[in-house]
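None of the figures in this text is laboratory data; all of them are computed from the coordinates on show. Given the structure is predicted, the values throughout are model-derived calculations rather than measurements. When we count neighbours, we look across all protein chains shown, and the Cβ atoms used for this are built from the backbone with ideal geometry, even at glycine.
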Amino acid sequence: MYPGSFDPITNGHLDLIQRGSRMFDKLIVAILRNDAKQALFSIQERTEMMREVLHVYPNVELDSFDGLLVDFAAAREATVLLRGIRAISDYEYELQMTLMNRRLRPEIETVFMMASETYSFISSRLVKEVFSLGGNVSGLVPAAVEARLRARLPKPKTLTQQGA
Ligand code: PNS
């Protein structure tokens, strides 16, 4: 099971899903529903975008969850949690989550994969910030996500437009 907020899915997530789908017989991509963070995209929108890009992987299934991740994993009979590590800064948070999840359900293992160096600087948060400030995010997110960002976030005015 590959869990996350996916608000929105990035090419970094996609890279991990691609590798994960080669590593495991079946990979359930699990979208967190009740995130405390204010989400830009609703669970329906996130699911739609992800379905568009993930349908090409026959052994990848999309699902969403509330509550404890390990309980959902157990309910779906997943035995491994897959997480990506981009940089050393991810390590502390991931270590805490892994140890807590292990304490809650020791039978479920967490496995880490390194994100490709091409994508190691990408995060959903930065993609949203850069896009909302007029920066180019093509190549960082799937085209379906870029289209949704364009529809959702108004394009900022250029300097000349603002200068009046
Ligand atoms: O993409 P993210 O935001 O890094 O994913 C974090 C996620 C969804 C894996 C984490 O917040 C999570 O598992 N939330 C579910 C609630 C839970 O189980 N909390 C205890 C984790 S130790």
Original post:
Expressed in nm to one decimal, what extension gain is obtained for the pair Y93 and A143 from 0.36 nm per residue of sequence separation less their Cα-Cα distance?
Top reply: 15.0 nm
**OP:** Enumerate the calculated ³J(HN,Hα) couplings along the stretch 43-53 in order (Karplus 6.51 cos²θ - 1.76 cosθ + 1.60, θ = phi - 60°), each rounded to whole Hz, writing x wherever the residue is Gly or Pro.
**Re:** 4, 5, 5, 4, 5, 4, 4, 6, 4, 4, 8
Original post:
Taking +1 at the Cβ of each Lys and Arg and -1 at the Cβ of each Asp and Glu, which of S116, I31, V141 sits farthest along the dipole of the chain towards its positive end, judged by Cα position relative to the Cα centre?
Top reply: V141
Subject >> Directionally averaged shadow of the chain, computed from the convex hull of its alpha-carbon atoms, nm² >> reply: 10.5 nm²
Subject >> Within the stretch 70-159: Cβ-based charge dipole about Cα centre, in debye rounded to nearest 20 (Lys, Arg +1; Asp, Glu -1) >> reply: 560 debye
Original post:
Could you give the length gained on full extension between H55 and L104, defined as 0.36 nm per residue of separation minus the Cα-Cα distance, in nm?
Top reply: 14.4 nm
Original post:
Given H placed 1.01 Å from N in the peptide plane, which residues other than close sequence neighbours of V111 have an amide H under 5 Å from its amide H?
Top reply: L81, L82, R83
Subject >> Cα gyration tensor category, rounded, prolate or oblate, for the stretch 1-75 with a/c compared to 1.5 >> reply: oblate
Subject >> For the stretch 64-103, average projected area of the Cα convex hull in nm² >> reply: 3.2 nm²
Subject >> Likely footprinting exposure, T118, T10, fewest C-beta neighbours within 10 Å first >> reply: T118, T10
